[in-house]
């Protein structure tokens, strides 16, 4: 009885772990659509990033921090691009204005 339970638990873990065999399949399963060029670069980076492994301790910590700094720069660029897009949309909305509203009433 115990043997069967252990075997079924192992099979469940294998099926969960094997659901997505690659990072691409994982991101495609969430259907992420890039909003701009910077966001697209960020998604590509996340799909291709790899860390150097070391014998003891998992991954090279120095390289990991460099990758995190690179990721931060990509996020900053994506946020900046999104902010520019938002500002342009907001400015366009203010120019056209909504029916019966003053531009300052939107806030």
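So the values come out like this:
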quantity	calculated
Any chance residue 62 is modelled with pLDDT of 85 or more and in a helix (DSSP H, G or I)	yes
In the range 36-51, the residues that are touching a residue at least 40 places away in the same chain (Cβ under 8 Å) and within 11 Å of the chain's Cα centre (by Cα)	39
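The values are calculated or read from the model by the stated rules, or taken from the named source; none is laboratory data. Remember, it's a predicted structure, so these values are computed and weren't measured experimentally. Cβ coordinates were reconstructed from backbone atoms using ideal geometry, including for glycine residues, and neighbour counts include every protein chain displayed.
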